[in-house]
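Written out below as C-alpha cells is the structure these notes cover.
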Amino acid sequence: MTPATTAASPYGTLPAVPPPASRKPISLPRLREMHAQGEKITMLTAYDATFAAVADSAGVESILVGDSLGMVCQGMPSTVGVTLETMRHYTESVARGLHRAQATAWLISDLPFGSYHESKEQALRSAAVLMQAGAHMVKLEGGGWTADTVHFLVERGIPVCAHLGLTPQTVHSLGGYRVQGKSEEAATTLKAHAHALQDAGAAMMVLEMVPAALSATLTKELTHCATIGIGAGVGTAGQVLVLHDMLGMNLGKMAKFVHNFMSEENSVRGAMQAYVRAVKEGRFPVDALHAW
C-alpha cells in the first residue's frame, strides 16, 4: 500500500486509500448501498485513459467524462460546442484506460448539448452511442421536461444521472455562472424538479452551485437518488470536481469552492487520494467558503 502523506494539510493526514484491487467493482447496486449507508461517494472528471486509471487507483469511485472537456481540453468558451461524436471519442479513451488497468470505477458520460433535446427517441439514440463506447451511465442537464426523458431511458435499461442548479449547457439563458435556487421561488422549483427526476428513475443527481442548506435538504429528501455536489456544500451524498481544477490547472478564474489538492502533494495520485480522503471525512468542501 502506498504510504500516507505526512505533509501538513488543511485536510489532515490520514492513511492512504486502499488500491482498487482490494475493493469490489463499483456497480449501481453498490452506489445505492453507499448512499443508503451514508458513505460519501467520490467523483472526478477524466478525459483520457491514463488519468482515468490513476483516479481509479487513487480510490475514486466514479469517473465522469464531462462535456467540460470542451473548455479544459479543447479551449472552448463553454460546453455548448461539444458534439456527441466528441463525447464518444473521449468516453472510449477513458473506458480503454479503465479496462487496461482492470479498474473498478463507475463510468458516467455526459449527453452533450443538442443530443437529447429533440425527443426521447433522440436521447435514446445518443445514450446508446455513449453506452456502446463504454459508459455505465449517462448524465443530462435540466429539470421539468427532462423527467419524461429520464423515465424513457431508465425503462430501457440505461442508468441516468440528472444535473440541476447551474447547468452549463444553458449558461447563456441563466445569465452566466451564477448560484441557482437562492430565492424561495427558485428553490421551490428546483425541489420540484429534483423530486420529479428521482420519481422518473434518476439514480444520481449533480447539484451545481446550489445553496448549501438547500442541497442538504434535498439530500435528506431524495432517499433513492444520490446527490453529488459541486459548489453545493458538504451536505450532499458525494462530491465531484473537474480534474484540472482539483490539480490547480485551471486557465481561468478558480471558483471559490475549488481546492487545489496538488498544492500539498507530490504526485497526481497523491492529490487524488487527498481529495478522496477529504470527501469521505466530510472535510471538503468547506461550507463557510460558499454559504452563498
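With an 8 Å cut-off on Cα pairs and a minimum separation of 6 or more residues, tell me the relative contact order of region 145-290 in percent.
Contact order relative to length: 18 percent.
For region 27-87, what does the relative contact order come out to in percent, with C-alpha contacts under 8 Å and a separation of six or more?
RCO, region 27-87: 24 percent.
Once the Cβ-Cβ distance between S173 and Q37 is put in as r, and R0 is 41 Å, what FRET efficiency do you end up with, to the nearest 0.05?
Calculated value: 0.60.
Return the long-range amide H neighbours of V258 (sequence gap of 5 or more, or a different chain), with a cut-off of under 5 Å between placed amide H atoms.
Sorted by chain and number, the residues that satisfy this come to none at all.
Please turn the phi angles of region 120-130 into ³J(HN,Hα) values with the Karplus equation 6.51 cos²θ - 1.76 cosθ + 1.60 (θ = phi - 60°), one per residue in order, whole Hz, x for glycine and proline.
Calculated HN-Hα couplings, in order: 5, 5, 4, 4, 5, 4, 5, 4, 4, 4, 6 Hz.
Hey, fewest Cβ within 10 Å first, where do C225, C73 land in order?
Lowest count first: C73, C225.
Please work out how much length the chain gains when fully extended from T189 to A255, using 0.36 nm per residue of separation minus the C-alpha to C-alpha distance, in nm with one decimal.
Contour length minus Cα-Cα distance gives 21.2 nm.
Taking neighbour counts of Cβ atoms within 10 Å as a proxy for exposure, in what order, fewest first, do M209, M34 appear?
M34, M209
First check a/c for the chain, with a ≥ b ≥ c the square roots of the eigenvalues of its C-alpha gyration tensor; if it is under 1.5, answer rounded, and if not, answer prolate when a/b is larger than b/c or oblate otherwise.
Because its axes are fairly even, with a/c under 1.5, the chain counts as rounded.
Can you list residues whose amide H is under 5 Å from I41's amide H, if they're 5+ apart or on another chain and H is modeled 1.01 Å from N?
Result for I41 returns G238, Q239.
Compactness ratio of region 60-139: Cα Rg over 2.2 N^0.38 Å, N = residue count?
Taking the Cα Rg and dividing by 2.2 N^0.38 Å, one obtains 1.06.
In whole Hz, what ³J(HN,Hα) sequence does region 205-213 give by Karplus (6.51, -1.76, 1.60; θ = phi - 60°), x for Gly and Pro?
The phi angles translate into 8, 6, 10, 10, 6, 10, x, 4, 5 Hz.
Taking the Cα-to-Cβ direction at H89 and at V286 and moving 7 Å from each Cα, how far apart do the two end points lie in nm?
Here the answer is 4.0 nm between the modelled labels.
Find the relative contact order for region 34-175 and round it to a whole percent, using C-alpha pairs within less than 8 Å whose residues are 6+ positions apart.
Computed value for region 34-175: 21 percent relative contact order.
Return the sequence-ordered ³J(HN,Hα) values of region 74-86 in whole Hz as given by the Karplus equation 6.51 cos²θ - 1.76 cosθ + 1.60 applied to θ = phi - 60°, using x for Gly and Pro.
9, x, 6, x, 7, 8, 4, x, 6, 9, 5, 5, 4
Per residue Cα convex hull volume for region 225-274, in cubic angstrom?
Residue-normalised Cα hull volume stands at 87 Å³.
Report, by chain and number, residues whose modeled amide H sits under 5 Å from the one on H163, excluding near sequence neighbours (fewer than 5 apart, same chain).
L140, G142, V206
Are there trypsin sites (Lys or Arg not before Pro) in region 198-264 that DSSP puts in a loop and that have at most 14 other Cβ atoms within 10 Å, and which ones?
Passing both the DSSP loop test and the Cβ count: K253, K256.
State whether region 19-93 is rounded, prolate or oblate according to the following rule on the C-alpha gyration tensor (a ≥ b ≥ c being the square roots of its eigenvalues): a/c under 1.5 gives rounded; otherwise a/b larger than b/c gives prolate, and the remaining case gives oblate.
prolate
Tell me, T146, T104, T83 in order of fewest to most beta-carbon neighbours within 10 Å?
Least crowded to most crowded, the residues run T83, T104, T146.
FYI, it's all coordinate maths here, none of it is from the lab. Every value quoted in this text rests on a predicted model; they were computed, and no experiment measured them. Ideal geometry is used to build each Cβ from the backbone, glycine not excepted, and the neighbour counts take in all protein chains shown.
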